[in-house]
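The values are calculated or read from the model by the stated rules, or taken from the named source; none is laboratory data. Note that this is a predicted model, so its numbers are computed, not measured. Because the Cβ atoms are built from the backbone with ideal geometry, glycine has one as well, and the counts that use them run over all protein chains shown. The accessibility values were calculated without ligands, DNA or RNA, using every heavy atom of the protein model including side chains. Shrake-Rupley method; radii C 1.70, N 1.55, O 1.52, S 1.80 Å.
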Amino acid sequence: MTAEKSAVVLVNLGTPDEPTAPAIQRYLKEFLSDPRVVDLPRWLWLPILNLIILRVRPPKLVEKYAMIWGRFDGPIRSITAALASRLATRLGRGNCVVESAMTYGQPSVQAVVDRLKSDGVRRITFIPLYPQYAGATVGSVMDKVDEAMLGHPDVQFDVVTDYYRQPGYIGAVADSIRNHYTYRHKSPLILFSFHGIPKAQSDRGDPYREQCEETAAAIAEELGLDDHQWRLTFQSRFGPAEWLRPYTDETMQALPGEGHRSVLVVCPGFSVDCLETIEEIKKENQEIFLEAGGETFGYVKALNASWAHADVMAAVTDAAGGR
């Protein structure tokens with residue numbers, strides 16, 4: 001008897017189709033229109049978005065996206081696709097295929113699901129590439145999945161909601177820190193920088209902050225760090241509302257004055273490198289730190305499409321029963 005054909009879909013945030021103002025505008029419109037991302041009343045937010053933000057912000061982002069753009073594509077899409085390919089190798093092709101999809105932009109969750117169904121897939125495991133659950137990230141993926149699966153009631157599916165304490169993930173991030181030159185030779189302060197969310201979302205019960213704290217503590221324990229050897233911060237805030245603190249940029253500004261001249265930044269919530277790590281951390285925050293009197297700045301790359309990351313995804317897949 002032939003085994004039922006199944007699939008694993010790695011879902012990441014998304015990216016503009018190209019580093020141009022019109023493409024960035026299309027992407028931001030889809031992204032920032034999601035009530036999970038910006039949960040202000042629609043009557044208040046949509047005019048601000050359409051009349052101000054989508055007119056002003058895209059041209060300002062062209063240079064930043066151009067700086068991180070690869071030869072053919074943006075890093076989120078290209079690296080996620082490469083990770084999917086390596087995960088397929090780890091799982092063994094057989095009756096299980098591996099695809100990548102984007103919450104916003106292309107390839108959309110809907111398009112990938114439709115293609116898998118037409119190829120005879122009858123069970124899909126979706127893995128959002130966010131180790132820690134937040135409504136604005138994993139919750140948005142779940143919304144897209146539910147919408148995509150409405151037309152395919154004969155296809156079984158499940159969504160992995162988090163893997164923030166998965167041993168392979170903790171070990172892989174710890175190894176990436178151990179292998180960094182700055183860690184081995186400069187005795188740096190380890191700064192765990194996670195993407196922030198509005199404080200109001202956390203106050204309403206979103207478990208994101210607690211999961212970030214548990215992740216950072218587990219990695220620090222794996223490395224044998226004392227409490228004074230590491231810190232946790234939050235980056236990438238947007239708009240006037242208060243977000244989770246402490247802020248990464250403000251911490252970078254203050255560290256040299258506190259006697260920390262060497263810092264090594266790792267972003268365990270980012271599965272692949274993107275604008276928020278390459279441009280915001282490696283460029284902007286490095287400049288903040290060095291201009292404030294810091295001497296040595298290091299950044300630990302995301303797990304990206306490494307074989308170690310493929311092993312983590314294979315373990316997550318197995319735990320979800322998706323192989």
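Quick notes
- Top-ranked residue of the range 186-240 - restricted to ones that are assigned to a strand (DSSP E or B) and of a type in the set (A, V, I, L, M), ranked as most open to solvent (accessible area, probe 1.4 Å): Leu232
- In the range 111-122, the residues that are on the phi > 0 side of the Ramachandran plot reach residues that are open to solvent by 30 Å² or more (accessible area, probe 1.4 Å) with C-beta atoms within less than 6 angstrom, at least six apart or across chains, in these pairs: Gly120/Lys5.
- On inspection, Thr277 does not qualify as touching a strand residue (DSSP E or B) at 6+ places or on another chain (Cβ under 8 Å), among the polar types (S, T, N, Q), more than 26 Å from Ala82 (Cα to Cα) and part of a helix (DSSP H, G or I).
- The residue that is surrounded by the most Cβ atoms within 10 Å (Cβ to Cβ), among those in the range 88-105 that are in a strand (DSSP E or B) and modelled with pLDDT of 95 or more, is Ala101.
- Unmet requirement for Ala172, which otherwise passes all of (1) within 25 Å of Leu275 (Cβ to Cβ); (2) hydrophobic (A, V, I, L, M, F, W, C); (3) surrounded by 19 or more Cβ atoms within 10 Å (Cβ to Cβ); (4) over 18 Å from the mean Cα position of the chain (by Cα): (4)
- Here the range 197-221 is the region considered, the condition is being within 16 Å of the chain's Cα centre (by Cα) and of a type in the set (S, T, N, Q), and the residue that is nearest to Val173 (Cα to Cα) is Thr215.
- Tally of residues being open to solvent by 30 Å² or more (accessible area, probe 1.4 Å) and either of a type in the set (Ser, Thr, Tyr) or without any contact (Cβ under 8 Å) to a residue 60 or more places away in the chain (or both) across the range 298-323: 2
- Here the condition is being over 21 Å from Lys282 (Cβ atoms) and of a type in the set (Val, Ile, Thr); of Ile197, Ile219, Ile177, it holds for Ile197 alone.
- Exactly one residue among Ala111, Ala136 is part of a helix (DSSP H, G or I), under 15 Å from the mean Cα position of the chain (by Cα) and surrounded by fewer than 23 Cβ atoms within 10 Å (Cβ to Cβ), and that residue is Ala136.
- Residue ID - most open to solvent (accessible area, probe 1.4 Å), chosen from residues in the range 1-25 that are more than 18 Å from Phe238 (Cβ to Cβ) and free of Cβ contacts under 8 Å to residues at least 60 places away in the same chain: Met1
- Test result for Leu255, within 22 Å of His309 (Cβ to Cβ), surrounded by 18 or more Cβ atoms within 10 Å (Cβ to Cβ) and among the hydrophobic types (A, V, I, L, M, F, W, C): no
- Residue check, Asp311 modelled with pLDDT under 95, in a helix (DSSP H, G or I) and under 27 Å from Val160 (Cα atoms): no
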